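Enquirer: Structure incoming, see below.
The values are calculated or read from the model by the stated rules, or taken from the named source; none is laboratory data. Keep in mind that what you see is a predicted model, and the values were worked out from it rather than measured. Cβ atoms come from the backbone with ideal geometry, glycine included; neighbour counts cover every protein chain shown.
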Amino acid sequence: MEEDLMTTHSCAAASSRRRGRRRRRAGVSALVVVGVCALAAVPAAPAVAAAEEPKATVTAEAPGASASGEASLSVADPGGKASELLSKLTISQLASLLKTTPAQVKSLIETATGGALGGVVGELLAKPGATLEEVKKLLAEGGLSSAPVEQAIAPLVATATETAGQVRGVVSSALADLSEDGGVAELAHELALPTPALEAPQLSPATVGQAAETLGTTAARLSSALLGAGAISQPLAGFSPLAMSSVERASTSAERVANNGTTLVIGSPTGTGGVTLTTVNSTSTPGGVAAFKGASPARASNAFSILSLKVTRAGTILEKVRLPGPGRVSAVASATKTLARRSSHGHALARRITVASTAANSSGGTLTLTLRPHGVSGARRTRITVATTYTPTGGSARTVTRVVTIGRRGSRQKG
C-alpha cells in the first residue's frame, strides 16, 4: 500500500514538472512572437553606402545654379570677370557723360589722391587723352589704392544711373565714344564678343528681374553671378536698374540648337563709382524655365539697316534707312564742343552736345531722315556722331551709331 502511494506521488510530481516545462516553452514562444511583431513595426534603417538612394547633381558654372530645372549661368568674359566701362573713357568724355566739366572731374581726382604722388597725377590729367584707367594704373604703380578716386566720382555716377533708361544712355554714349576712339575692338575682346556686337548694340533698359527672366533664372542667381564676376559690389534687388542687349554667339544653327540658351551683355552700375559690362550666358535644361520661354511667340524684328549717310554742301545730313516693319525711328546727331573757359591747367574744356535730332513713325520700307546741325562752325572739320534708333511696333529698340565729318565745302554755315 505504501509502495503504491509513493508511486502515485512520483507520477504526480513528474506530471507537474512536464506541465512547468510546457508553460516555460509557451512563454518563450510568446516572447519571440512579440519581439518579431515589434521589430516588424520599426522602420527599416537605410543600408549603408550600397543601398543609399542616388542624389541628383547639377553642374553650375556660376554661383547659384540649382537642380530646379532653371538655367545654368556662366560669365563668358575671359577669366570670368566683367569689364569696367567708364575707366576707358577720356576725362573729357567721362565729364560729358556725368553732366559735369573735366575741371571738376580732375579736381575730384586730385583731391582724392591727396597729392600722394606729387605732381605726377596732375601731369597725367593735363594730357588731353588721359583716362581714368591710366590714373588707376599710375596709383597702383605707386603702391596706392584707387578706391578713393572711385569713391570721389561715385555720387556723380549714382546720379547718372538712377534709372534703367539712364543706365542704357550712359552705356550707349560710352560705347559711342569708344567707337570714335577705336577702343571698341579691345573691349569686345575682353567680353569674348565679336566687335560688331558692341558697335551696334541693341541695348534695352531693364531691371535685374527682367534680365533674369530672359536668361531663364532668378534675380538672386543673376545677382550672384554678377557679384562673382566683379560687375557689382553688393547683391542687387529684382528692381535694380540695368541695361541689356541680346547677343547671338553661336555661329551655326546646329550650335544654337545644342546650346539651347541665351547670351546677354549686361551693363550695370557697380555701386562704387563705375559701370561694367558683363557677358552672361545661360544654358537651359530640359523642362527648365528657359526652355519654356523658347516656346513664346517671337517679338517684332528690329534689324533695320542704314543704306547711306551723306552730307550736302549746305551741311545737311541725309540718312537713308530700311525698316523691316512698322515702328518709330529717330536720329540724334552730337558733336564735341570746345567751351570758352579753360581748366586750371590752361587746357580748353570740351563737352558733347546735341546738334540735331529728328524722329518719325513709319509703316516700314525705305525712309530718308534729314538732320540740320546747328552750332557747328563751317570753318573747320567737325566729327558728328549720328545715333539712329528704331523701335518696331511690339518689339524692342535697337540703336546703330555712325560718324560723319562736316566742314569747309560740305558744311552748314553757323548762323
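Enquirer: Quick one: would you say Thr161 is touching a residue at least 40 places away in the same chain (Cβ under 8 Å) and within 28 Å of Thr405 (Cβ to Cβ)?
Expert: On the way: touching a residue at least 40 places away in the same chain (Cβ under 8 Å): yes; within 28 Å of Thr405 (Cβ to Cβ): no.
The answer is no for Thr161.
Enquirer: To continue, here is another question. State yes or no: is Gly143 farther than 18 Å from Leu277 by Cβ, modelled with pLDDT of 70 or more and touching a Ser or Thr at 6+ places or on another chain (Cβ under 7 Å)? Reasoning before the result, please.
Expert: Values: farther than 18 Å from Leu277 by Cβ: yes; modelled with pLDDT of 70 or more: yes; touching a Ser or Thr at 6+ places or on another chain (Cβ under 7 Å): no.
No.
Enquirer: Residues in the range 178-195 that are small (Gly, Ala, Ser) and closer than 15 Å to Ala82 by Cα: how many?
Expert: Here the count works out to 2.
Enquirer: Of all residues in the range 95-126, count the ones that are outside any helix (DSSP H, G or I) and either closer than 17 Å to Arg351 by Cβ or in contact with a Ser or Thr (Cβ under 7 Å, 6 or more places away or on another chain) (or both).
Expert: So the first thing to find is which residues in the range 95-126 are outside any helix (DSSP H, G or I), and the list is 98-101, 114-119, 126.
Narrowing the set further to residues that are either closer than 17 Å to Arg351 by Cβ or in contact with a Ser or Thr (Cβ under 7 Å, 6 or more places away or on another chain) (or both) leaves 98-101.
Counting residues in the range 95-126 that are outside any helix (DSSP H, G or I) and either closer than 17 Å to Arg351 by Cβ or in contact with a Ser or Thr (Cβ under 7 Å, 6 or more places away or on another chain) (or both) gives 4.
Enquirer: Right, something else. On the basis of being hydrophobic (A, V, I, L, M, F, W, C), assigned to a helix (DSSP H, G or I) and under 17 Å from Ser83 (Cβ atoms), does Leu198 make the cut?
Expert: Against the criterion (hydrophobic (A, V, I, L, M, F, W, C), assigned to a helix (DSSP H, G or I) and under 17 Å from Ser83 (Cβ atoms)), Leu198 qualifies.
Enquirer: Any idea which of Thr385, Thr358 is under 28 Å from the mean Cα position of the chain (by Cα), surrounded by 12 or more Cβ atoms within 10 Å (Cβ to Cβ), at pLDDT 90 or above and among the hydroxyl-bearing types (Ser, Thr, Tyr)? Walk me through it before giving the result.
Expert: Numbers: Thr358 fails: under 28 Å from the mean Cα position of the chain (by Cα).
That would be Thr385, the only listed residue that is under 28 Å from the mean Cα position of the chain (by Cα), surrounded by 12 or more Cβ atoms within 10 Å (Cβ to Cβ), at pLDDT 90 or above and among the hydroxyl-bearing types (Ser, Thr, Tyr).
Enquirer: Also, I was wondering about something else. Return the total of residues in the range 363-382 being crowded, with 18+ Cβ neighbours inside 10 Å, at pLDDT 85 or above and of a type outside the set (A, V, I, L, M).
Expert: Total satisfying the criteria: 2.
Enquirer: Could you tell me whether any residue of the range 228-241 is under 13 Å from the mean Cα position of the chain (by Cα), part of a helix (DSSP H, G or I) and at pLDDT 85 or above?
Expert: Yes.
Enquirer: On to the next question. Restricting to the range 222-252, count the residues that are surrounded by fewer than 23 Cβ atoms within 10 Å (Cβ to Cβ) and over 22 Å from Ala160 (Cα atoms).
Expert: 9
Enquirer: Restricting to the range 207-221, name every residue that is more than 11 Å from the chain's Cα centre (by Cα), of a type outside the set (Val, Ile, Thr) and crowded, with 24+ Cβ neighbours inside 10 Å.
Expert: Across the range 207-221, the qualifying residue is only Gly216.
Enquirer: Here is a further query. Which numbered condition in (1) closer than 30 Å to Thr388 by Cα; (2) modelled with pLDDT under 90; (3) surrounded by fewer than 18 Cβ atoms within 10 Å (Cβ to Cβ) is the only one that Ala158 fails?
Expert: Ala158 satisfies all of (1) closer than 30 Å to Thr388 by Cα; (2) modelled with pLDDT under 90; (3) surrounded by fewer than 18 Cβ atoms within 10 Å (Cβ to Cβ) except (2).
Enquirer: Looking at the range 207-222, is at least one residue of a type in the set (D, E, K, R) and without any contact (Cβ under 8 Å) to a residue 24 or more places away in the chain?
Expert: Within the range 207-222, the subset of a type in the set (D, E, K, R) is 213, 221.
If we keep only those that are without any contact (Cβ under 8 Å) to a residue 24 or more places away in the chain too, we end up with none.
Scanning the range 207-222, I find no residue that is of a type in the set (D, E, K, R) and without any contact (Cβ under 8 Å) to a residue 24 or more places away in the chain, so the answer is no.
Enquirer: Among the candidates Glu134, Glu123, Glu110, which residue alone is charged (D, E, K, R) and loosely packed, with under 15 Cβ neighbours inside 10 Å?
Expert: Working: Glu134 fails: loosely packed, with under 15 Cβ neighbours inside 10 Å; Glu110 fails: loosely packed, with under 15 Cβ neighbours inside 10 Å.
Selected residue: Glu123, the only one of Glu134, Glu123, Glu110 that is charged (D, E, K, R) and loosely packed, with under 15 Cβ neighbours inside 10 Å.
Enquirer: Given (1) part of a helix (DSSP H, G or I); (2) touching a Ser or Thr at 6+ places or on another chain (Cβ under 6 Å), where does Gly129 come up short, assuming only one miss?
Expert: Only one criterion in (1) part of a helix (DSSP H, G or I); (2) touching a Ser or Thr at 6+ places or on another chain (Cβ under 6 Å) is unmet by Gly129, namely (1).
Enquirer: Scan Thr336, Thr393 and give me the residue that is modelled with pLDDT of 80 or more and either surrounded by fewer than 16 Cβ atoms within 10 Å (Cβ to Cβ) or of a type in the set (Gly, Ala, Ser) (or both). Walk me through how you get there before you give the answer.
Expert: On the way: Thr336 fails: either surrounded by fewer than 16 Cβ atoms within 10 Å (Cβ to Cβ) or of a type in the set (Gly, Ala, Ser) (or both).
That would be Thr393, the only listed residue that is modelled with pLDDT of 80 or more and either surrounded by fewer than 16 Cβ atoms within 10 Å (Cβ to Cβ) or of a type in the set (Gly, Ala, Ser) (or both).
Enquirer: Among the numbered criteria (1) buried (at least 22 other Cβ atoms within 10 Å of the Cβ); (2) under 21 Å from the mean Cα position of the chain (by Cα); (3) modelled with pLDDT of 85 or more, which one does Thr272 miss?
Expert: All conditions are met except number (1).
Enquirer: Do you know which residues across the range 285-333 are of a type outside the set (Lys, Arg), part of a loop (DSSP other than H, G, I, E, B) and modelled with pLDDT under 80?
Expert: Step one: list which residues in the range 285-333 are of a type outside the set (Lys, Arg), which gives 285-292, 294-298, 300-309, 311-312, 314-319, 321, 323-327, 329-333.
Subset that is part of a loop (DSSP other than H, G, I, E, B): 285-288, 294-298, 300-304, 312, 314-316, 324-326.
Selection gives Thr285, Pro286, Gly287, Gly288, Gly294, Ala295, Ser296, Pro297, Ala298, Ala300.
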